[in-house]
Amino acid sequence: MTGESKQGRSPTLSEQWSRVRGRLRTEFGDAAYKSWLQPIRLGGVRDGEITMNVPSRFMREWVMSRYADRIRALWRGEDSSIRSVSIAVDPGAAGAADDGGEAVATPARAAFTPTPPRGAAASVSRPFVSALDSRFTFDNFVVGKSNEFAHAAARRVAEAAREPFNPLFIYGGVGLGKTHLMHAIAWHIRTHDPERRVIYLSAEKFMYQFIRALRFQDTMAFKEQFRSIDVLMVDDVQFIGGKESTQEEFFHTFNALVDQNHQLVITGDRSPADLDGMEERLRSRLGWGLVADIHPTDYELRLGILHSKAEQLDARDIPPQVLEFLAHKITTNIRELEGALNRIVAYATLVGRSVTLETTQEILQDVLRAHSRRITIEEIQKRVAEHFNIRVADMHSARRARAVARPRQVAMYLAKQLTSRSLPEIGRKFGGRDHTTVMHAVRKVDQLRESDPGFAEDVDLLRRMLEN
Ligand code: ADP
Ligand code: MG
């Protein structure tokens, strides 16, 4: 797939490079792009090998381990004669970004020189700070069983004059509100106690700043800038797993801040003890204060969040069944839940029609399909067996007594409804039965549902349990 240019000439290397970069940016997101990919400079091409330069060894390692495969694939997409991509270290490769527009926020040197005096307000300059999302406040955070502990801890930190526990380490899966809580702490302190200096940044950014400091041999200023802060919040600390020099620096910064009674708030995707590639002493240090986890959401919390978001979006006329439906269906994380709601609201606004359950199902077809695919036939068999009080083994057995044959048919029916498996595949999972047996089961259950409301209710209940 060679890119075309307007005149029909073949694209230049730099045009191809700019497309590759465009793709990388879309695929990995702005933050990763700016930190790791934008600084890459194109060297040239020779004998099917593209050379690229990065400013430091550390950066080379990082880019090699995370992005090299993708970069290679994208280059090959541009030009199939390219066989390999090599990444070399060239300290001179740093400098003004050449793709115009919003480049690296501030030229690196400006961020670190001249060395600011300790505590100077100017020292906490823009490049350190990741922007705060104005929606991520305590007011907008809906509290439920799964997050009440983390929420209470975050509030304590935000409201306490002295650090109540240090560090506060919050962990949990993707999209469950860790970043939201951190921003909420920052907003709270900013509005109630503007004198206190609060810094929020991702671990990736911390690392990036540190590398730049190394590159410009300005680590002193780097250290000072962090150590003159009252509250330091580092998000997604799992990113510095395996990066020894950054861990080392983080550890020292960490110790210095804790020793001076400055508050630290850290998040990760797992508990300190389980962080991979993390040095033992750093892991144990991270777990010193209070460790609070956020659990996966339950239905009530999801529904609460949807109500609150619908209100924020000024979309109060969405029928309650639609919100309930979403809360049932989209269980993985809150970000996806929000995304689904946004789509429905956007649709209603654009098309000027009110939202119904049917339109919702239509608009969200792709999302809903992705979610139902996760139900496995094994789960269905287990649930159905439990429900009818038979052994799971009877799902596979040849027994034909009604007491086991009927539940088996129900399970086949649900497998057809809730998974994307074909009839022969389903048959195989039920003790190697023929696809016509499955077809028969589906028809039979359909008939029974029509003639026996009690039975229909039973099947629907099972279905809902499985879907949630
Ligand atoms: P994480 O950092 O854990 O991956 P985020 O904090 O980015 O997750 O949350 C993802 C999205 O879900 C954000 O838009 C956030 O506002 C929203 N969200 C998460 N938890 C809640 C909650 N309890 N109440 C309201 N919104 C929430
Ligand atoms: Mg986050």
Output for the stretch 44-83, where each listed residue is open to solvent by less than 20 Å² (accessible area, probe 1.4 Å), part of a helix (DSSP H, G or I) and at pLDDT below 80: 59, 62
- prompt: Which residues, counting only those in the stretch 176-198, are touching a strand residue (DSSP E or B) at 6+ places or on another chain (Cβ under 9 Å) and away from ligand 1 (no atom under 16 Å from the Cβ)?
  reply: 189, 190, 196, 197, 198
- prompt: Identify, please: which residue in the stretch 243-267 is over 18 Å from residue 208 (Cβ atoms) and crowded, with 17+ Cβ neighbours inside 10 Å and is, among those, nearest to ligand 1 (Cβ to nearest atom)?
  reply: 265
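Would you mention how many residues in the stretch 306-343 are of a type outside the set (Ser, Thr, Tyr) and within 16 Å of ligand 2 (Cβ to nearest atom)?
Number satisfying all stated conditions: 7.
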- prompt: Within the stretch 306-327, can one find any residue that is among the β-branched types (Val, Ile, Thr) and within 13 Å of ligand 1 (Cβ to nearest atom)?
  reply: no
message: Among the residues in the stretch 309-320, are any without any contact (Cβ under 8 Å) to a residue 12 or more places away in the chain, closer than 30 Å to residue 343 by Cβ and of a type in the set (Asp, Glu)?
response: yes
- prompt: Taking the condition hydroxyl-bearing (Ser, Thr, Tyr), open to solvent by less than 10 Å² (accessible area, probe 1.4 Å), on the phi < 0 side of the Ramachandran plot and not assigned by TED's automatic domain parsing to the domain that holds residue 90, does residue 202 pass?
  reply: no
message: As an exercise: evaluate residue 148 against (1) away from ligand 2 (no atom under 16 Å from the Cβ); (2) of a type in the set (Asp, Glu); (3) closer than 27 Å to residue 65 by Cα and give the number of the one condition it does not meet.
response: (3)
- request: For the stretch 323-344, indicate whether the set of residues that are at pLDDT below 85 and crowded, with 18+ Cβ neighbours inside 10 Å is non-empty.
  value: no
query: When residue 266 is evaluated against the numbered criteria (1) at pLDDT 95 or above; (2) part of a helix (DSSP H, G or I), which criterion, by number, is the only one it fails?
result: (2)
query: Going by the conditions given, is residue 414 surrounded by 15 or more Cβ atoms within 10 Å (Cβ to Cβ) and either touching a residue at least 24 places away in the same chain (Cβ under 8 Å) or not basic (Lys, Arg) (or both)?
result: yes
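Restricting the search to the stretch 158-196, which residues are within 13 Å of ligand 2 (Cβ to nearest atom) and surrounded by fewer than 14 Cβ atoms within 10 Å (Cβ to Cβ)?
174
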- request: Please identify the pairs in which a residue from the stretch 255-267 that is within 17 Å of residue 203 (Cβ to Cβ) has its Cβ atom under 6 Å from the Cβ atom of a residue that is within 16 Å of ligand 2 (Cβ to nearest atom) and open to solvent by 10 Å² or more (accessible area, probe 1.4 Å), counting only partners at least 6 apart or on another chain.
  value: 267/178
message: Regarding the stretch 299-310, can at least one residue be identified that is touching a Phe, Trp or Tyr at 6+ places or on another chain (Cβ under 7 Å), outside any loop (DSSP other than H, G, I, E, B) and within 20 Å of residue 367 (Cα to Cα)?
response: no
- prompt: How many residues are open to solvent by 50 Å² or more (accessible area, probe 1.4 Å) and on the phi > 0 side of the Ramachandran plot if we restrict to the stretch 213-241?
  reply: 1
- prompt: Inside the stretch 319-411, counting only helices (runs of 4 or more DSSP H) that do not spill past its ends, which hold 3 or more residues that are closer than 30 Å to residue 454 by Cβ and out of contact with any Leu (no Cβ under 7 Å at 6 or more places or on another chain)?
  reply: 357-363, 377-388
message: I'm trying to understand the selection: among the residues of the stretch 26-43, which are β-branched (Val, Ile, Thr) and open to solvent by 50 Å² or more (accessible area, probe 1.4 Å)?
response: 26
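The values are calculated or read from the model by the stated rules, or taken from the named source; none is laboratory data. What you see is a predicted model; the values in this text were computed from it and never measured. Note that each Cβ is placed from the backbone with ideal geometry, even for glycine, and that neighbours are counted across all protein chains shown. These area figures cover heavy atoms from the full protein model, side chains too; ligands, DNA and RNA do not enter into them. Shrake-Rupley method; radii C 1.70, N 1.55, O 1.52, S 1.80 Å.
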